[in-house]
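Everything below concerns the one structure shown next.
The values are calculated or read from the model by the stated rules, or taken from the named source; none is laboratory data. Remember, predicted model here, so these are calculated numbers, not experimental data. Glycine gets a Cβ as well: all are built from the backbone with ideal geometry, and neighbour counts include every protein chain shown. Only protein heavy atoms, including side chains, enter the accessible area calculation; ligands, DNA and RNA are left aside. Shrake-Rupley method; radii C 1.70, N 1.55, O 1.52, S 1.80 Å.
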Amino acid sequence: MDGDVRWWGGGVGAGGARELARWALAAAAGAVVVLLSALGGGGLYVLLSGVVGLVAGAVGLWWFVAHRGALRVAGGVVAVGAPVGVLVLYVVGGLWLYALAALGLWSVALGCARAALRKPGEAVDAPAPAVAAERPRNPVLIMNPKSGGGKVERFGLARKAERLGARVVVLDPAAPVDVTALARKAVADGADLLGVAGGDGTQALVAAVAVEHDLPFLVISAGTRNHFAMDLGLDRDDPAACLDALTDGEELRVDLGTVAGRPFVNTVSFGVYADVVQRPEYRDAKAETAFEALPDLLRGGLGDRLDATADDTRLPGQQAILVSNNPYAAPDPFSAGAGHRTRLDGGRLGVIGIRVDGAADAAELAVLGNRSDALNVLTAQRVEVHGGVTNTGEPKAERTLPVAVDGEALVLPTPVVCELRPRALRVLVPRVRPGVVPPPPPLDWRRLVRIAFPDPYRAGAWNGSGSGAGSGAGSGAGGRPGSSAGSRPGSSAGTSAVNRPRTSSEDSYRSGA
């Protein structure tokens, strides 16, 4: 297959989209009718109690992660008890059938709406097609036997690679080695391809050497999470399938990120997550370490903050900042597109800033998702993190910042600058591979109405083209490369923003830049 994003199930024709849009509107109306018809039996009560339960659960979760002692216990009780209490109220009040029927109809409405909004032949925000590649004559592959719990041995990667003509260098876990120097030596010895079976941090270091010498790079999904491999459309369940690129491969051009001159392929994290990763016990007990550290880092919204600038847009007082090599399809962690990038050659950094000042902001984030003011979502060409500030906005004395680069813990001098090298990395991928699963299109009910009841006098009316809200899908959903879904007015020139960050004049935190 080529490098395009592949729609699972494909699109539908104009007639099919129209029918699906009408079914979506009918199901949504049916859900409302069910609630209204139950007003006498508490239909409004169903709706309000559900919202109250969601907000209370979010507040309880915030207390649980940001505090210790009695407030943490109370938060755990509220986080679990709120949804359970809502269910009990529904059952005791005889409203569960109404709630179940409304939920079922709403699910049908959402499913039909997504399918109707996904147009056949739509120009999705997909990578450029792969091009034919010559078979490498002297490939060198670096393999970490500890990565992914021993995937190199379990999948027989070294043996298969050698059968395909590659020279394999297996790292010794007991003797730390400079993989960058190892890759440069391989190039000096005549390697015409570099590859890595290991984690994303090791992938980035060797990829930078491949860029230096304009050599193709082979990604073997032998790490733990393999985010880079996933967003390249590779098979994460069978790392050995990645080796097929050596004999039947094609080439993709993708971007390579840099942070303070160090390469990264996925993300650079500042703030809460970076502080957790720095702890020595994190590698052996990730969840327990994070759980224990969060109250100190957050302190109920009063913990230390970060100031940053994405192009010309200020991001003051952030608790966490995530900078990614191309933006994620959906910044909302509960959305279907969370954790995926539909392309790696868009030439823009994704930027997500999180600022939760207390339980109210946590509840707003839970209810509104990526439309919450607690979440700032942008794209930029350059991101500069100036340094840590106290909860009153005063610059901290330290001139360094803990940073997590592709999951690896580092400490870097401030300001820390993140940039992108567009289409600098040549990645060799198998011709036959799973591909990238695109995110669902953003819901736009006005556009859905136009699809369901098109204006016969307007060209392209069936798909809701033309002016109006939602006519341009955002990043990862068919919009302009580098744009963000649901962009709001007020973003700076050259920076695409979903949520407009609070400026210094609006902000109670003084900039420490």
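Placing a label point 7 Å from the Cα of Arg135 along the Cα-to-Cβ line, the residues of region 209-250 whose backbone N sits under 14 Å from it are 244-250. Distance between the pseudo-spin-label points of Trp106 and Val84 (7 Å out from Cα toward the beta carbon): 2.3 nm. Shape analysis of region 127-277 based on the Cα gyration tensor places the equivalent ellipsoid semi-axes at 22, 18, 17 Å, largest first.
Highest mean first, the peptides 206-214, 227-235, 165-173 sorted by other C-beta atoms within 10 Å per residue fall in the order 227-235, 206-214, 165-173. Expressed per residue, the C-alpha convex hull volume of region 139-214 stands at 81 Å³. Say R0 is 35 Å: what FRET efficiency, to the nearest 0.05, do Val77 and Glu394 get from their beta-carbon distance? The calculated FRET efficiency here is 0.45. The phi-based Karplus calculation (6.51 cos²θ - 1.76 cosθ + 1.60; θ = phi - 60°) puts the 3J(HN,Hα) values of region 184-196 at 5, 5, 4, 5, 4, 8, x, 5, 10, 7, 10, x, 9 Hz, whole numbers, x for Gly and Pro. The H on the amide N of Phe264, modeled in the peptide plane, is under 5 Å from the matching H of Gly257, Thr258, Val259, each at least 5 residues off or on a different chain. Under 5 Å from the amide H of Leu218 lie the amide H atoms of Leu194, Gly195, Val196, Leu428, each residue being 5 or more positions distant or on a separate chain, with H modelled from the backbone and absent for Pro and chain starts. Taking the protein heavy atoms of region 122-259 in the context of the full set of protein chains, the accessible area attributed to carbon and sulfur is 49 percent at 1.4 Å. Close amide H contacts of Arg348 (hydrogens built in the peptide plane, cut-off under 5 Å, sequence separation of 5 or more or a different chain): Asn326.
Would you tally the net charge around Gly199, using a Cβ to Cβ cut-off of less than 10 Å, leaving Gly199 out, and scoring K and R as +1, D and E as -1?
So the environment of Gly199 carries a net charge of -1.
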